[in-house]
1. Of (1) exposed (fewer than 13 other Cβ atoms within 10 Å of the Cβ); (2) more than 16 Å from the ligand (Cβ to nearest atom); (3) in a loop (DSSP other than H, G, I, E, B), Pro86 satisfies all except one. Which?
2. Please work out if Leu62 is within 15 Å of the ligand (Cβ to nearest atom) and of a type in the set (A, V, I, L, M, F, W, C).
3. Contact list please: Cβ distance under 8 Å, first residue in region 65-88 and among the acidic types (Asp, Glu), second residue part of a loop (DSSP other than H, G, I, E, B) and away from the ligand (no atom under 15 Å from the Cβ), pairs at least six apart or on different chains.
4. Looking only at region 2-33, count how many residues are closer than 24 Å to Ala177 by Cα and of a type in the set (A, V, I, L, M).
5. Of all residues being surrounded by 13 or more Cβ atoms within 10 Å (Cβ to Cβ) and among the β-branched types (Val, Ile, Thr) in region 48-68, which is nearest to the chain's Cα centre (by Cα)? Just the residue, please.
6. Looking only at region 105-121, decide whether some residue is loosely packed, with under 14 Cβ neighbours inside 10 Å and touching a residue at least 24 places away in the same chain (Cβ under 8 Å).
7. So, in region 7-34, of the ones that are under 12 Å from the mean Cα position of the chain (by Cα) and surrounded by fewer than 21 Cβ atoms within 10 Å (Cβ to Cβ), which residue ends up nearest to the ligand (Cβ to nearest atom)?
8. Check whether at least one residue in region 92-105 is within 16 Å of the ligand (Cβ to nearest atom) and at pLDDT below 95, and report yes or no.
Amino acid sequence: MKLYWFQVAPNPTKVRLYVAEKNAGGAGISLEDVVVKLPKGEQREAAFRALNPFGQLPVLELDDGTTIVESLPIIDYLEEICPAPPMWGETPRTRARARELERIADARLLAPLARHIHATRSPVGLPPNAAVADHARGEWPAALGYFDEVLGDGRAFLCGEQATVADCTLAAALQFARFGEVDLGLASEFPALARWDRAYREREVTREVLVL
Ligand SMILES: N[C@@H](CCC(=O)N[C@@H](CS)C(=O)NCC(=O)O)C(=O)O
């Protein structure tokens, strides 16, 4: 299988963190890396659009040549073919909680952050748009406050003592904020989240994926 990705782009980063966490737990998922240079516009070229007509990363290409686009279906596919260690939790309730936190990280933090960064200093050359940037900035403090409260008991990961996909999405979003030089006020306003962020990034398993 081949994974098409680009460094620091948050959705491919989410998948790469997931694979790193799985393999640290002994999964042995082997993916061939294909880097698609987003700033050069390679995602818009015909060869790439043949893999994903929407011209976005990540893409997982299976050995039979078929592709899966969208980060979560890619993760769900890998989770089905390689269930251990479970990255969505072990019971219906913990799986629902992990998915809830993952959706909050994606929809309420990563999505507005991406809108803001693309409206201020877009790495793929989108035009600046101050109104979009300002509106997006107002959206993420609620999510940061929520995660800060969840992590306030000092737990290692969002769902407790095991990493889940929710941690992967949150870490990918926070790295993208650093890339976009967006000050989220973690140290001053969200100390538990700042502690989690530092600790998550310092782990050997995540260090090769998170470069910022
Ligand atoms: N919902 C998609 C979002 C994919 C996405 O936005 N990919 C970005 C990188 S994080 C991309 O390829 N952007 C390049 C472009 O739109 O030109 C997913 O979860 O995979």
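1. Of (1) exposed (fewer than 13 other Cβ atoms within 10 Å of the Cβ); (2) more than 16 Å from the ligand (Cβ to nearest atom); (3) in a loop (DSSP other than H, G, I, E, B), only one is false for Pro86: (1).
2. For Leu62, the condition - within 15 Å of the ligand (Cβ to nearest atom) and of a type in the set (A, V, I, L, M, F, W, C) - is not met.
3. Qualifying pairs under 8 Å: Glu79/Pro86; Glu79/Met87; Glu79/Trp88.
4. Going through region 2-33 one residue at a time, the tally reaches 7.
5. Ranking the candidates gives Val59 first.
6. no
7. Val8
8. no
The values are calculated or read from the model by the stated rules, or taken from the named source; none is laboratory data. Please read all numbers here as calculations on a predicted model, not as lab measurements. Cβ coordinates were reconstructed from backbone atoms using ideal geometry, including for glycine residues, and neighbour counts include every protein chain displayed.
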